[in-house]
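Scroll down for the structure; my scribbles are underneath it.
Just so it is clear, none of the values below were taken in a lab; they were calculated from the coordinates. Small disclaimer: the values here were computed from a predicted structure and weren't measured. Using ideal geometry, Cβ is built from the backbone for each residue, glycine included, and neighbour counts are taken over all protein chains shown.
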Amino acid sequence: VLTHMKGPWPNMINVESSWYPPPPNLDAEDYRAMEQWEEIRPVIQPSLPASYPVPGVFRDRVKLRGRRLQVIVKLSNIILTPTKPSYGGGTWHVEGMENEHIVASGIYYYASENISESRLSFRHAVEEPPYYEQHDHRGVEAVYGIVDQGHLNEPKGYIVCSPGRSVCFPNTLQHRVEPFGLSDRTKQGVRKILVYFLVDPTRRVWSTMRVPPQQEAWYRGQASQSGSHPVWPMTMEKARQYREELMIER
């Protein structure tokens with residue numbers, strides 16, 4: 001997974017300037033006629049190359065065997081009920097904040113009951129096509145799937161989130177959970193996942209190795225035994241509020 005973060009894949013279709021003839025000398029009437037023709041003219045799709053060699057950079061694989069790694073663990077449940085029978089889907093995103101240095105994600109779908117097919121979709125940021133005629137919006141959209149003034153993203157497909165399935169992917173991929181709902185709307189349904197976010201192996205972040213448990217009940221129990229009165233950490237209510245703020249910022 002980390003190997004595929006080492007560099008962008010080159011374009012499979014390279015636009016050549018010879019595709020566009022020199023602009024003709026037109027008067028105002030001919031120019032308007034040409035503009036109308038450009039709106040309806042057929043777009044000629046270029047042929048894909050016969051072969052597409054894997055770039056050499058990917059042969060230098062990232063190896064983690066024998067290295068001590070840091071991961072951020074997440075458990076997430078989506079529970080649907082007869083009064084809330086559908087999930088509207090997530091937003092496109094990559095994982096983590098800058099200080100977390102997440103480079104890859106691993107998701108395990110360990111439980112799923114009474115829900116319709118659930119999908120995890122992916123897309124990838126791409127560069128603007130290297131050369132194309134000004135205002136050739138129809139051609140660029142037809143060949144590259146990029147809409148004028150839209151985001152430079154390319155769909156990469158999806159996986160079906162079946163129970164027992166695991167998926168790992170680099171944090172260069174944007175992803176989102178697609179909408180799903182109850183199979184039987186008279187019963188409750190649930191989907192449960194376990195997620196590991198891999199921290200950049202070249203960095204160290206603050207973790208439970210340095211930070212003690214933050215639950216207030218744990219502190220109170222220890223303080224009652226020692227007779228001391230420390231400054232309490234945040235309460236569960238405050239932690240939930242902080243989590244909501246964090247999710248908005250993400």
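Stick to Cα atoms and the Kirkwood definition of Rh, then tell me Rg/Rh for segment 2-204. Write out the running numbers ahead of the final one.
Numbers: Rg = 23.0 Å, Rh = 21.0 Å.
Reported Rg/Rh, Kirkwood definition of Rh: 1.09.
Which links in K156/K187; K74/K238; K84/K156 stretch past 26 Å when you go from one Cα to the other? List each step's numbers first, then the result.
Working: K156/K187 34 Å; K74/K238 19 Å; K84/K156 30 Å.
Beyond 26 Å: K156/K187; K84/K156.
Taking K63 as the anchor, which lysines have their alpha carbon closer than 21 Å to its alpha carbon, excluding any fewer than eight residues away along the same chain?
Answer for K63, where 21 Å is the Cα cut-off: K6, listed by chain and number.
Which of the GluC sites (Glu not before Pro) found in segment 116-208 are in a DSSP loop and have at most 13 neighbouring Cβ atoms, other than their own, within 10 Å?
Working: sites: E117, E127, E133, E141; in loops: E117, E127, E133.
The qualifying sites are E117, E127.
Just to confirm the filter: which trypsin sites (Lys or Arg not before Pro) across segment 65-170 are DSSP coil and have at most 16 other Cβ within 10 angstrom of their Cβ? Intermediate results must be reported in sequence, preceding the final value.
On the way: sites: R65, R67, R68, K74, R119, R123, R138, K156, R165; in loops: R65, R67, R68, R165.
Loop-located and lightly packed - R65, R67, R68, R165.
By the scheme Lys and Arg +1, Asp and Glu -1, what is the net charge of all other residues having a beta-carbon under 10 Å from that of M234?
Working: positive: K238, R240; negative: E216, E237.
Summing Lys/Arg as +1 and Asp/Glu as -1 gives 0.
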